[in-house]
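Just below is one structure, and these are the notes that go with it.
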Amino acid sequence: MTDPPAPAAGAGGASNYDPETVRAKYLAERDRRMVPGRTDIADLRSDDRFARYRRDPFTPYADREPRADEVDVVVLGGGIAGILAGAELRRAGVERIRIVDQAGGIGGTWYWNRYPGVMCDVESYIYIPMLEELGYVPSRRYAWGEEILRCLQSIADRFDLTADALFHTGVTRAEWDEESARWVIHTDRGDAVRCRWYVLAPGILTLMKLPAIEGMEEFAGHAFHTARWDYAYTGGGAHEPLTGLAGKRVALVGTGASGIQCLAPLAEAAQHVYVFQRTPSAIGERGNRDTDPAFAAGLAPGWQRARNDNFQAIMLGRPVEVDEVDDGWTHDWAAVHNPPRWEGMTTAEYLRRAEEVDYAIMEAHRRRVDELVADPVKADVLKPYYRYLCKRPCFHDEYLQAFNNGNVTLVDCPAGVERITGRGPVVDGQQYDVDCIVYATGFEPELTPLQRRVGQDVVGRGGITLAEKWAGGAATLFGMTTRGFPNLFVMPAPGQQAVVTVNSTQLAVLGAEFVGRTLRLLRDGGVEVFDVAADAEEAWTQKVVDSFVDASAVLSACTPSRLNNEGRPELMNPRNGSYGRGMGDWFGYRRLLEEWLEDGALEGLELKVRSAAS
Ligand code: NAP
């Protein structure tokens, strides 16, 4: 932070940059998308007209008797967070651990998302957890979904987490019973499982989003969401041609991370694909490749944590000697979120330089579209006109090229698909006749409150529900415990007073270690019941509120997206922020948790210790 650095490099740089023109263009594009009804969704939970979209196409449902027994811990969710929590609980010596999940097996995101082309968008060496424990190095830089799922299954097997799990089971109500000091977990399969400790690990982007488009239930063809890919209809598999689509016309609705990954396989197999694009994604180079055996052989003990720390440091703008991951996240994302600063810089200068850096990166993305898409009219529609920080970026090496195929039509619909008839989607009054609609329309946002993500009433002391307690925003200690809900742990997630990171699995690693080690301390101390002390919760919540940065001035100029509360950033609640400014102080948060665990005094918790007689 000393001398002013040279203007932003890259395509366009700052040389041909006229801020007023760029801002006007970005605002005009934003306004085309800020339309009434933009965020309307079909509520898949309560609207039975859409119940079939929820059904699990991967594992047959089986009848079973309701369970009315007792375990030590119930973990809600068998995704990465739940598996890691289970593993750490096992390490802490807990015997009876029961995962409960609506899916037919372990894996969460990677159980459900099996669409062709699915892969992680953060480098697999840091994304897939516990690689060192597994003694495994992923086969590619960005692993396919099935390899990730296999790794998660291996962790679950190693820590024996599936034998006693209840799959295809949704928790409907969890109630704290003061007298017995147990949680009672009720499910949609008639179970009433008692447990001393309850861990909520519902995941982050887990509620499938189906836009409420007029007439969609009248469509006479076949339709499904990417998170329930129907291979019985499309034929093929994740890496096998979708032979069932031969001669078929397919509508692909949505061009976010899921849509861009499945276009190429669809285009290869179908007679025709119509891509309905509301907002073009910024699509950077992926640069996927097989793992170099020399790289795998050279990994020293502790390498995964060190590599992730290197990634996190770069993402937070800290100096490092080497960029180990060296991809679009560490180049573009990190540059945009950490613009140059120098001694004596004014806020106006800072904002201006941030805008320049962002502009240069977006220009490079727009130029990439020109390089890869032959038809200039299509290319123009595919160019993203908003700041890079407005949406989670995408990376792909085949998506843009797919528009050069004669059987792929791009339908520009900034206000969304207008209507769906029995024959297919309608945009600008034009009917598109299709046999199948694939909804790549994503998930309810990261900041969806925990009480909605858990999909159940969590009833704590005095009959208060979590939804009631958090109606005005989150209230926690460390983003993982909340007063009035004894013996309850919540895995950290955005909007919950923990920290946020692009690589969510690392946050789950942190949360799982906290849960496992805290439980060990509680058990070692003979603690039967813990609750959060009122002053500790207030202090933590105040810390979060105090470090909240109101970025609504910048974010309101953004195209609507999950990251700016769909164009209403001013409604973001400071209580639902992070520990530390912005996305949070990752390293500070981890250090604080580690010191708290090392100290072992369980400060901030009220404890009821087992009496000698009990
Ligand atoms: P998404 O990024 O939210 O994309 C949903 C798409 O559907 C967007 O293009 C959206 O347009 C469009 N859409 C929504 N309603 C529409 C309507 N009524 N008419 C037309 N289009 C409509 O969802 P996603 O692709 O599933 O990704 C969600 C997140 O999951 C990602 O950001 C990422 O964090 C994660 N993810 C990761 C991977 C991976 O590679 N690891 C893969 C998939 C997902 P707008 O852009 O205008 O909203």
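Nothing in this text is a laboratory measurement; each read-out follows from the coordinates by a stated rule. Source: prediction; values computed, not measured. Heads up, the Cβs are rebuilt from the backbone with ideal geometry, glycines too, and the neighbour counts pull from every protein chain shown.
A few remarks follow.
- Subset tally (residues that are more than 21 Å from residue 502 (Cα to Cα), out of contact with any helix residue (DSSP H, G or I) (no Cβ under 8 Å at 6 or more places or on another chain) and in a helix (DSSP H, G or I)) for the range 584-601: 5
- Of all residue pairs spaced 6 or more apart or on separate chains, those with beta-carbon atoms under 7 Å, a first member in the range 230-250 that is surrounded by fewer than 12 Cβ atoms within 10 Å (Cβ to Cβ) and a second member that is not in a loop (DSSP other than H, G, I, E, B) are 243/269; 246/269.
- The single condition from (1) touching a strand residue (DSSP E or B) at 6+ places or on another chain (Cβ under 9 Å); (2) away from the ligand (no atom under 16 Å from the Cβ); (3) farther than 25 Å from residue 34 by Cβ that residue 323 fails is (1).
- Unmet criterion (only one of (1) assigned to a helix (DSSP H, G or I); (2) away from the ligand (no atom under 16 Å from the Cβ); (3) not small (Gly, Ala, Ser)) for residue 30: (2)
- A single member of 159, 167 is under 27 Å from the mean Cα position of the chain (by Cα), buried (at least 20 other Cβ atoms within 10 Å of the Cβ) and away from the ligand (no atom under 16 Å from the Cβ), and it is 167.
- When the residues of the range 466-497 are filtered to those that are in a helix (DSSP H, G or I) and in contact with a helix residue (DSSP H, G or I) (Cβ under 7 Å, 6 or more places away or on another chain), the one that is farthest from residue 572 (Cα to Cα) is 466.
- Residues of the range 276-287 classified as in contact with a strand residue (DSSP E or B) (Cβ under 6 Å, 6 or more places away or on another chain) and either more than 10 Å from the ligand (Cβ to nearest atom) or part of a helix (DSSP H, G or I) (or both), total: 2
- Residue match in the range 256-273 (condition: within 10 Å of the ligand (Cβ to nearest atom), in contact with a Gly (Cβ under 6 Å, 6 or more places away or on another chain) and in a helix (DSSP H, G or I)): yes
- Unique match (being in a loop (DSSP other than H, G, I, E, B), out of contact with any Leu (no Cβ under 7 Å at 6 or more places or on another chain) and buried (at least 19 other Cβ atoms within 10 Å of the Cβ)) among 117, 107, 93: 117
For every residue, the table says whether it meets (1) free of Cβ contacts under 8 Å to residues at least 40 places away in the same chain; (2) surrounded by fewer than 22 Cβ atoms within 10 Å (Cβ to Cβ); (3) more than 24 Å from residue 542 (Cα to Cα).
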residue: 436; (1), (2), (3): no, no, yes
residue: 454; (1), (2), (3): no, yes, yes
residue: 484; (1), (2), (3): no, yes, no
residue: 512; (1), (2), (3): no, no, yes
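- Considering 252, 242, the condition of being more than 12 Å from the ligand (Cβ to nearest atom) and under 11 Å from residue 436 (Cβ atoms) is satisfied by 242 alone.
- Residue ID - nearest to the ligand (Cβ to nearest atom), chosen from residues in the range 122-141 that are surrounded by fewer than 20 Cβ atoms within 10 Å (Cβ to Cβ) and assigned to a loop (DSSP other than H, G, I, E, B): 139
- The criterion of at least 1 residues that are surrounded by fewer than 16 Cβ atoms within 10 Å (Cβ to Cβ) and without any contact (Cβ under 8 Å) to a residue 60 or more places away in the chain is met, among helices (runs of 4 or more DSSP H) falling completely within the range 293-399, by 293-297, 303-315, 347-372, 376-382.
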